[in-house]
Structure formats: structure tokens, C-alpha cells
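> I'd like to ask some things about the structure below.
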Amino acid sequence: MLVPASHHFITDCDTSVSGWPDTFGSMLRFYCRTSDKEKPPIKVLSLFSGAGGLDIGFSDAGFDIIESVEIEKDFCETIRRNSQISDNSMEQTVSCMDIREYNPQFSTVDFVIGGPPCQTFSAAGRRANGVLGTNDERGMLFKEYIRILERLSPKGFLFENVYGIVGAEKGGPWKEIIEGFSSIGYHLFYRILDSADYGVPQHRERLIIVGLQDGIYLFPKPLFGPDSSEKRPFYSAELALATAPNQEGDVPGQIGGRWAHLIPGIPPGLNYSYYTSEMGNPHAFFSWRSKFSDFMYKADPETPVRTIKARGGLYTGPFHWENRHFSVPEHKRLQTFPDDYIICGSKGAIIQQIGNSVPPQFARIMALSIRSQVFKRNIPFTLEKLDPHDTLGFRSRKRELSRSYQEKAKNALATQAFQQPLAKSYSYTANLSEDFALIPQDSLDGRYSIDVLWGSSLEVDVIQKGLEEAPSTTIKLIVEPTENWVLPVKRIVCEAHGSSLSTYTVMWKAIEETLRGNGLKEDLIQLSSYYQYKPKIRCHLSCRSKGELYAILADIASGPVTRRIMESKELSSRWGIPENELIEVARRLRKLGIEIRNWRTNSQIREGEWLIPYEFPTLTPRSVQLRKRV
């Protein structure tokens, strides 16, 4: 029986019921198959298909996915497995290959969908690497998209990617992308949209480009949230997960690791920033904006979650409000993959596929708008359109959230009792690994002897063992706060004695391990603040040594050359070395764990410029910068 066209098709699915996107998808498939029974299929080629999020949406909306192209084997197997499930109506060919080697074996297609890998333009990519943009080969894959469009000349295409493309490298890559699509005859229509506005229990902002050879296109108006005509409430995380099925063998794991004990204290909807002085927390383990926004992020059951990540570290959220990881079925619900959709691979590969995907529910709405406007086919309800001048409010609402986060933190702090960590004095021996990890050793094996004494000051003494004569280097370091800090001492005083430059690195790492081991700060960055902000500590380093590099280390520790980009001429003049020797000095500094950067390590730094983010060594075994070379 044909589902009647109705403005209330969405509410006919009862969006107040858990799992309604699956019902919506089933109703939509039935309507489109029935409506298109006597009409030719709309043939679609899917590029960069991932786990099939866009494919599901377009297939449900009556499009015929004739081929999907994807390089990752697990992703390809996911699409193959589901193409055998008739209810999902996905029977396309799957080509598992590099897009650069792909040449379609058909001459025409009606529409093309897909979004190239976006890591180079993502917030995580920008923060970890600088904005690599089209300097990274992943940022060049849009040219393959253009190559295939030019060959097949479809009526139109949909291109999905992170919104960071628009502002990357001062708009250079964005201009290149726009000019590339326009040069082969497509009129472009683009907007940044939030998937939560279209029925996904997840805030996920993405750039959508629709290109057409002829005609105009208007994006669909939000169906949920304050920008929707009916002000329909967002589909919340709690409602989405209420009836999520159990998956055999998939037991939601508890959160472990050094900082796991902090997770229960975080109010739902907040992240690590709850433990900062800016939130009023008396035990500020972290520095403001020193971490990604998903670090220790706990989902709020009453709202959509923040963007699910494809990859992450031990503390990458979202975490469940019950202080655990989400299960695979719960991840699928948050991304609106159908419960019966099979995702292949290990658990890590499954989460990666989910996090990389376009939410199928968002894809359905985009597909319906294209079905109606571009191909003039019936759709089962009135889909209101956005005028090109209409402004959506999700960005301004996100800024307003800061006030609500402050209020949540204030209320939580009023009910929580904090116990001052017990600072312990102790001695141990340790070695420094090649990747700058301080590794405790048995007393006979450790190269460095370290003594920690807590009093009015934190005193840390480092002595290189086995010195046959007086040490060639003695370093004294004093670290003081520039404002109130959470440490139970007035200052940190460290003396280090040794015959090698590595003694300098061990000194800083010993301080860091002392703070971490006593549950005071995760690392020195949390003590000093993220490098884009004013430092919260003042350091004074004095050396008795024959080596000229110690004068440079003292200059770095004192701060005038850190946290800002400097030209080679200025830096070499300050350090009293020829400009052509600066590269060698930089290499020596990196061998001590100093994170000095240039245009080779970060593409947003111009050639001939340098950045030293911090006053102390920050390279660790987990550092992205560790594997780079100046």
C-alpha cells in the first residue's frame, strides 16, 4: 500500500520512539519503490564510500547505487555483506581499490555521491599537524572526484566533507576545489549543515556541495531543533539508545588508565575542562583548551552527542553518561545505522567505519531533496527549503553553550568533595628512552638517580650516575606560578648534575612524572597552559657548562622565544649563531625533546620561520611531532 504524501511523514514514524530512523528508512524505501515502479532507475555512482552511510540514504530514497568505490578492505566487505540483504536494497558492485586507479566501466550515470578523506582538513588534523590542506595527498583526492565527473558527465553530484576546508590555508584549497568543479561545467550550491537538525542524535557539522549542470538547488530546512518550522525537539542520545539491541560478545567496557577516576565526576555534557580553573574547579588537573574537545567528553542523555570520532586515544569521548564506553549497537544508533546493518572487522575497525560515515538519516534527507528538486520525483512529505540568505543558528547556539557548561560545573562542584592529593617524598632511578619516556629502573640499572622532596617547595634532584669526576654540567631550574596554581607548594626547584645533554631532558621529565604520579597534573603543558595562551608559569634556568647549547636552553626556558612564530634572522641573531647553522641547532634541540617546528613539520608555518611552542621538552612516545623532521 502506498504511503500517502504527508507533511507529517516524519511524525507518522513517531520520532518520540527509540529507533525511529530505522522505521523512517523502511517507510521511505516502501514509498519510493512503489512510486518509482513504472519509472527508469536513477543510477548513482558512490565514491569514497566508506561503510555506506551515504549509500544507505540514497538507496532508501529510491536511487539505484550501481557501484561503490572504496580503498579499505573492511569497509568494502561491509558494503558487500549488506548488498546481499534485500531489505536494505543495496545490490551494487563494490570496487575495492585506490580511487586513483579507478576507471568506470560504464559510460553514463545520473548522479555521483561521496566525500574524500577529510583528516587533513579536520579539527584534529589542523591541531595536530597544522592545516595541511592540499599539501597533503589526501587533500588532493578531490581532483580524482573531478576526473570521474568529467568522464561520466552526470546530471549532478553531492560532495560531503568537513567544514574546515572552507577556512584552511586562508581559503586557498577551498578556492581550488570550487574552481575545479566549476571548470567542468557544474553550478555549485553549498552549505554547512548540522546532522542533528535532520534527525540524527549527534551534532555533526559538515560541508555539503551539490553541483548541477543545469537548474538551481535549495538545501532542505531543518526538521528538528530551533531552526525547524515546528520546533520539533532534537532526537536525544537517551531516546536513541533506549531500545538498542545487545550484540553477542560486545560488553561495554569500563574506562581505565591514569585519569579514569576523574570521569565519574564530570557532569554529562562536559569534558576535561571541568577540571580547569576556568570552570572554578579547585583541583585543576588540566589547562584550559589544552586538549581536544572530545577528551574525557561525557555524553548528555538529554541532547544529541557531539561528533563521534573514527579514531581516538584512551580518553576520547563520547563516553556514556554511566561512565563507560558505548557498545557497538549504541554507536550505530548514535550514527543512525540500521540495527540490522552488518559492519565488518574488529571492534576498532567497526568504530572507525561508524565514525567516518555520513549518518544515514542525514543522507536520507539530502537524498530526498535531490530526488525532488533535481529528478522531479515524488517524495512522501513536504520538504521545506532554505532560502540562500537564511541563516542557521547552530553556530551561535554552540557559543551560548559555554554559559550552560559553566552552570553545570558550578552545580556539580557544589555537591562534590575534593581531597587534596597526598604529596609523597621518594627516591628512584630511571633511564630516558629514545622517544623521551622516563622509565623507572631497579637501583642498579638506572642511569639517573632522582630524589623528590615535598616541603614549602617541590625539590627534585637529578644526578647522572657513574661520573668518575666532577660533573661537566650543573643545571638549576626554578619554576614559579604567574597566578594561582593547584600545586601545594610555592615553587618547584630542581638541580641536575651530569656529563651529557640528556640530563637536561631528564630534569624536566622528572618534574613531569612527579606531578603526574601525585595526581596533580597530567603533564607540564597542563601546568603552563596551551601554547596559544599566556603561560601560567615563569621559569629560570641557570647552567654551569662548557657547551653553548645550554645558553639557548636557558633562553627557551625563560620564555621570550616561545609561543610565537619567529623569523630565522631574529632567532639566529638572538642566539648568536649564523643563520645557516640554525637548522642543525634545531635538530639538536629536538634530540632533547624540545618541540621546535618549521615549515617542514607544520605546513602553516612559512619557510624561514620557526615556532617553539613551550619552554620545556614536550616530545613523548605519543607525540605526532616526534616522527617529524625539521
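> Over all alpha-carbon pairs in the chain, figure out the percentage whose distance exceeds 38 Å.
42 percent
> If you place +1 on the Cβ of every Lys and Arg, -1 on the Cβ of every Asp and Glu, and leave all else neutral, what size is the dipole of the chain about its Cα centre, to the nearest 20 Debye?
My answer is approximately 1100 debye.
> Cα extents of the stretch 349-415 along the three principal axes, largest first, in whole Å?
58, 40, 20
> I've got another one for you. Could you tell me the center-to-center distance, by alpha carbons, between the stretch 36-74 and the stretch 299-343 in angstrom?
Comparing the Cα centres of the stretch 36-74 and the stretch 299-343, I get a distance of 25 Å.
> List the aspartates and glutamates whose alpha-carbon lies under 18 Å from that of Lys221, not counting same-chain residues fewer than 8 positions away?
Glu160, Asp194, Asp197, Glu205, Glu230, Glu384, Asp387, Asp390
> Considering amide H positions built from the backbone, and no H for Pro or chain starts, which residues 5 or more places from Ser529, or on another chain, come under 5 Å of its amide H?
Lys536
> So which aspartates and glutamates pass the test for Lys39, namely a Cα distance under 19 Å, with those fewer than 8 places away in the same chain ruled out?
Result set, ordered by chain and number: Asp60, Asp64, Glu91, Asp110.
> Now a separate question. Two-decimal Rg/Rh of the stretch 296-437 from alpha-carbon positions, Kirkwood Rh?
A ratio of 1.12.
> Once you have the Cα-Cα distance between Glu579 and Glu384, take 0.36 nm times their residue separation minus that, and quote the gain in nm to one decimal.
64.0 nm
> Okay, moving on. Quick one: which of 400-413, 269-282, 551-564 comes out on top by average Cβ neighbours within 10 Å, and what's the full order, highest first?
Ranking the peptides 400-413, 269-282, 551-564 by packing returns 269-282, 551-564, 400-413.
> Provide, as a two-decimal number, the C-alpha radius of gyration of the stretch 484-527 over 2.2 N^0.38 Å, N being how many residues it has.
Output field value: 1.25.
> Ok, one more. If the limit is 25 Å between Cα atoms, which of Lys424/Lys521; Lys143/Lys398; Lys476/Lys536; Lys73/Lys309 go over it?
Among Lys424/Lys521; Lys143/Lys398; Lys476/Lys536; Lys73/Lys309, the Cα-Cα distance tops 25 Å for Lys143/Lys398.
> Right, here's the next one. Which FRET efficiency value, to the nearest 0.05, do you get for Glu150 and Ile439 by plugging their Cβ-Cβ distance into 1/(1 + (r/R0)^6) with R0 = 45 Å?
For Glu150 and Ile439, the calculated efficiency is 0.20.
> Considering the convex hull of the alpha carbon atoms of the stretch 270-365, report its projected area averaged over all viewing directions, in nm², one decimal.
Spelled out: convex hull of the Cα atoms, projected over all directions, averaged, 7.2 nm².
> Further, regarding this structure: What distance in nm lies between label points placed 7 Å from Cα along the C-beta direction at Glu607 and Leu401?
4.1 nm
> Then there is this: 7 Å from Cα along Cα→Cβ at both Ser542 and Val166: what's the point-to-point distance in nm?
Rounded to a tenth, the inter-label distance reads 5.5 nm.
> Taking other Cβ within 10 Å of each residue's Cβ, how do Arg590, Arg191, Arg629 sort, fewest first?
Arg629, Arg191, Arg590
> While we're on this one: Between Ser182 and Ala551, what is the FRET efficiency for a Förster distance of 41 Å, r being their Cβ-Cβ separation, to the nearest 0.05?
In this case the efficiency is close to 0.15.
> Considering only the chain, what is the antiparallel percent among its DSSP beta bridges, to the nearest 5?
About 70 percent, rounded to the nearest 5.
> Which whole-angstrom value gives the distance between the alpha carbon centres of the stretch 435-463 and the stretch 135-205?
52 Å
> Same structure, new question: What is the gain in length, in nm to one decimal, between Thr23 and Glu570 on full extension, counting 0.36 nm per residue of separation less the C-alpha to C-alpha distance?
190.5 nm
> Quick check on the exposure proxy: order Asp55, Asp387, Asp294, Asp197 from fewest to most C-beta atoms within 10 angstrom.
Ranking Asp55, Asp387, Asp294, Asp197 by Cβ neighbours within 10 Å, fewest first, gives Asp387, Asp294, Asp197, Asp55.
> Determine, for Asp98, Asp339, Asp36, Asp194, the number of other Cβ atoms within 10 Å of each Cβ, and report the residues in order from fewest to most.
The fewest-first ordering by Cβ neighbours comes to Asp98, Asp339, Asp36, Asp194.
> Continuing with the same structure: Quick one: what do you get for the stretch 426-627 if you divide its Cα Rg by 2.2 N^0.38 Å?
That ratio works out to 1.01.
> Further question: Points 7 angstrom from Cα along the Cβ direction at Ser16 and Leu314: gap in nanometres?
Inter-label distance under the simple model: 4.5 nm.
> Mind checking which of Gly313, Pro201, Ile266 is farthest towards the positive end of the chain's charge dipole, using Cβ charges of +1 (Lys, Arg) and -1 (Asp, Glu) about the Cα centre?
Ile266
All of the numbers you see were taken from the coordinates with simple rules; none came from a lab. Computed from a predicted structure; not experimentally measured. Positions of Cβ are generated from backbone atoms using ideal geometry, with glycine treated the same way; all protein chains shown enter the neighbour counts.
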